[in-house]
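Data block below; observations after.
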Amino acid sequence: MDDDCPFCRILEDERDARVVYEDARTIAFLDENPACLGHTLVVPTAHRPDLLVADAETTTAVFETVQRVSSAMETALEPDGFSVFYSTGSIVGQVEHAHVHLLPRYEDDDISISLHRTTLTEEVEAELTDRIRAELP
């Protein structure tokens with residue numbers, strides 16, 4: 001646990017949260033500053049700054065909880081869809097405890113998760129593909 005981490009403080013019952021699900025490896029709770037009705041965070045119970053380099057069991061547990069909670073939200077809230085996202089690194093957030101955002105989406109919501117798009121040449125695509133494949137175990 002990290003004493004300065006707000007999510008660890010929730011896990012230690014030192015900070016309030018509206019918990020919707022909890023098991024030995026994960027906890028899911030409503031975001032205290034939601035982007036939409038039902039905005040939920042799913043986090044591992046062990047302090048991990050990054051799911052991309054965490055052990056496979058932790059990462060799997062987090063995404064199993066995402067699936068479980070989204071299924072319950074589908075029934076309870078009847079959204080038109082979901083946005084699910086995970087970001088890593090200090091450049092993208094304030095809390096350095098891995099977490100997945102689960103946002104039930106509604107046709108009339110004003111949420112915008114947009115990415116600036118570009119195109120790549122075939123040569124650049126080939127080089128990227130080769131570089132990534134070379135690093136795979």
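Do we find a residue being of a type in the set (A, V, I, L, M, F, W, C) and outside any helix (DSSP H, G or I) anywhere in segment 52-74?
Of segment 52-74, the ones of a type in the set (A, V, I, L, M, F, W, C) are 52-54, 56, 61-63, 66, 69, 72-73.
Okay, now just the ones that are also outside any helix (DSSP H, G or I), so 54.
Yes.
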Checklist line | Members of segment 74-131 that are of a type in the set (Ser, Thr, Tyr) and touching a residue at least 40 places away in the same chain (Cβ under 8 Å) | finding: Tyr106
Checklist line | Every residue from segment 30-50 that is under 20 Å from Cys5 (Cβ atoms) and among the small types (Gly, Ala, Ser) | finding: Ala46
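Within segment 85-108, which residues are under 21 Å from Met73 (Cβ atoms) and assigned to a loop (DSSP other than H, G, I, E, B)?
Selection gives Ser87, Ala98, His99, Tyr106, Glu107, Asp108.
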Next item on the list: Would you check if Asp55 is modelled with pLDDT under 95 and not β-branched (Val, Ile, Thr)?
Entry: yes
Notebook entry, point to check: Within the bounds of segment 9-18, is there any residue that is out of contact with any Asp or Glu (no Cβ under 8 Å at 6 or more places or on another chain), assigned to a loop (DSSP other than H, G, I, E, B) and within 25 Å of Asp109 (Cβ to Cβ)?
Noted result: yes
Item checked: Where Ile111 falls short, out of the listed (1) part of a loop (DSSP other than H, G, I, E, B); (2) open to solvent by 70 Å² or more (accessible area, probe 1.4 Å) -> (2)
Next item on the list: Considering only segment 24-78, state which residues are of a type in the set (Phe, Trp, Tyr) and open to solvent by 60 Å² or more (accessible area, probe 1.4 Å).
Entry: Phe63
Item checked: Lone unmet requirement of (1) open to solvent by less than 40 Å² (accessible area, probe 1.4 Å); (2) under 13 Å from Thr26 (Cα atoms); (3) more than 12 Å from the chain's Cα centre (by Cα) for His97 -> (3)
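Where residues in segment 61-116 are in contact with a helix residue (DSSP H, G or I) (Cβ under 8 Å, 6 or more places away or on another chain) and of a type in the set (A, V, I, L, M, F, W, C), which of them is modelled with the lowest pLDDT? Write out each step before concluding.
Step one: filter segment 61-116 for residues in contact with a helix residue (DSSP H, G or I) (Cβ under 8 Å, 6 or more places away or on another chain), giving 62, 79, 82, 84, 86, 88, 95, 97-100, 102, 104.
Still in the running and of a type in the set (A, V, I, L, M, F, W, C): 62, 82, 84, 95, 98, 100, 102.
Details: Val62: 96, Phe82: 94, Val84: 95, Val95: 79, Ala98: 87, Val100: 94, Leu102: 96.
Once the filter is applied, the top-ranked residue is Val95.
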Next item on the list: Can you work out which of the residues in segment 1-53 that are touching a residue at least 24 places away in the same chain (Cβ under 8 Å) and among the basic types (Lys, Arg) is nearest to Thr88 (Cα to Cα)?
Entry: Arg48
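The values are calculated or read from the model by the stated rules, or taken from the named source; none is laboratory data. This is a predicted model, so every value here is computed, not measured. Backbone-built Cβ (ideal geometry, glycine too); neighbour counts: all protein chains shown. Side chains included, ligands, DNA and RNA excluded: accessible areas come from the protein's heavy atoms. Shrake-Rupley method; radii C 1.70, N 1.55, O 1.52, S 1.80 Å.
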